[in-house]
Every structure is written in structure tokens, then in C-alpha cells.
Amino acid sequence: METTFPPTSIAYPAGIEGRVDAPSRWLWLVKWLLILPHLVVLVALWVALAATSIAAFVVMLFGGSYPRGIFEFNLGVLRWTWRVMFYAYSAGATDRYPPFTLQDVPDYPAHLEVAYPESQRHGLPLIGWWLAGIPQYALAGIFVGSTAGGGGVVCVLVAVALIMLLLRGDYSGSLFDVIMGFNRWAFRVVTYAAMMRPEYPPFRLDTGEPDPGFAAYRKEQGA
């Protein structure tokens, strides 16, 4: 079983970013209702993502590369999911309603990017490589749970941040940085589980608004 671990550099080719965008004191109390239309669509999209990921796995198992069309679709689902999570209870850091689109929205305060893999695992080693992620899958479940509404450690941290917002009128920047770190870790694991990147997710909490791992990757690539 062969697994590609991240280099000693902090660089990682997948990342999320977000910024606190003046959330109101009270709107988070009803966001569970406001995101229901998104959740209905996202359930269907994640069923589709599971199917397309299996299709990509079969293609790579027999020696092909990750189909570009499937990659772009899966990336779009992850972007949509992150915007809803950021709006709702995995961050709650904006009151701007998430758009219904798979595309990146440049002026929205939350973004997700994954660099397309030019090379991937092929054949039977692909199976062992995916299984190596089991410890990371377990950690991601503890961090963020399994729904766009949040869960796990992140849910607790966001609850504290939103209660402080209700009482004081401002969103704690230090709490937000940690919340971003846990979300970032989890989304790296998701891209690995969906076989969108072959690099093993680092056991590292990269906190803050900008993603230091993806920023370092772009710098290394000259982007």
C-alpha cells in the first residue's frame, strides 16, 4: 500500500477560505429554516457526488485519469456546500444568503478551491490508498459531523460564537480562526475521500481566514 503524504512544506492543493461579514445578532436563530431549500438540493447533489466519485474510481482503477467533467461537478458541490455551511451553523459568519450555483462566486465571503490532479493513483494501489484515510475520516466526523447544518466540535464552537454575537454584538475573531481551522481540515479530508487529490491530508490545524496551505501551494506553482 502506497500513500502520498504531504511534503515538509505547508503547501496543500485544496483549501477553503472565509471572512467574517458583519453577521447580525439574531438572524442565526432562524437560519435553520432559511437553509431548508438548500438542504433539499444538497441531498440530491451529494447522492450525485457519491455516484460520480464511484465512476471516477472505476476509471482510475483501470488506468485512466480523474475525469475532468466529474472533477468540476464534484468541486461545484463542495463549493455550494461550503457556502451553505459558512452561512449557517458551521461558521455563521455572514448573513448573505448563499447562491444556488455550482460555480465560484467571487464576491461571496466564502470560497473553496481544489487544484485538478495531473496525476493520480491507478489500479489496486488506489484501494489501499483510499483505506489509509480511515483515521482522517473518523476525525472529520468528530470535527464537523455529516450535515451542512454543522455538528461535532465545530457546532459547539459556533454555538459559543453565536451566543457571544447575540449578547455582545460582534463575532469573536479568535473563535472564528479556530472554526476555520477545523472546517479546513475536514474539507481536505473530503477531497481525499472523493479521490480528488492523492495527497494525504495533513494532521494540522491551519487557522485563520486565508488558507495558508493553499496559499503556499499557489506560490509554489507560481500562481
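A short reminder: the numbers here are calculations on the coordinates, not readings from a lab. Nothing here was measured: the structure is a model prediction, and the numbers come from that model. Cβ: placed from backbone, ideal geometry, glycine included. Neighbour counts: every protein chain shown.
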Original post:
Charges only on Cβ, +1 for Lys and Arg, -1 for Asp and Glu: so what's the dipole of segment 134-223 about the Cα centre, in debye to the nearest 20?
Top reply: 120
Original post:
If we count every other residue with Cβ under 13 angstrom of A115's Cβ, Lys/Arg +1 and Asp/Glu -1, where does the sum land?
Top reply: -1
Original post:
Within a Cβ distance under 10 Å of T94, other residues only, what is the Lys/Arg minus Asp/Glu net charge?
Top reply: +1
Original post:
Å³ per residue of the Cα convex hull, for segment 38-162?
Top reply: 105
**OP:** Rank-order 157-164, 94-101 by packing density, defined as the average count of other C-beta atoms within 10 Å over each peptide's residues, highest first.
**Re:** 157-164, 94-101
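Report the gain in length on full extension from F62 to I142: 0.36 nm times residue separation, minus Cα-Cα distance, nm rounded to one decimal. Write out the running numbers ahead of the final one.
Details: separation 80, 0.36 × 80 = 28.80 nm, distance 3.38 nm.
Additional length available on full extension: 25.4 nm.
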Original post:
What percent do you get for the relative contact order of segment 1-85 when only Cα pairs under 8 Å and 6+ apart count?
Top reply: 25
Original post:
Once you put a point 7 Å from the Cα of A48 and another 7 Å from the Cα of E72, both along the Cβ direction, what distance in nm separates them?
Top reply: 1.4
**OP:** Quick one: dipole size for the chain, taken about the Cα centre, charges +1 on Lys/Arg Cβ and -1 on Asp/Glu Cβ, in debye to the nearest 20.
**Re:** 280
**OP:** Please sort through the DSSP H helices of the chain and keep those with an alpha-carbon extent of at least 15 Å along the long axis and a Kyte-Doolittle average not below -1.0.
**Re:** 36-61, 68-87, 134-144, 152-168, 173-193
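Rounded to the nearest 20 debye, what is the charge dipole size of segment 1-124 about its Cα centre when +1 sits on each Lys and Arg Cβ and -1 on each Asp and Glu Cβ?
It works out to roughly 300 debye.
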**OP:** Which order do the peptides 168-175, 22-29, 181-188, 207-214 take when ranked by the mean count of other beta-carbon atoms within 10 Å per residue, highest first?
**Re:** 181-188, 207-214, 22-29, 168-175
Original post:
Where the Cα atoms of segment 57-105 are projected onto their three principal axes, how long is each span, largest first, in whole Å?
Top reply: 45, 18, 10
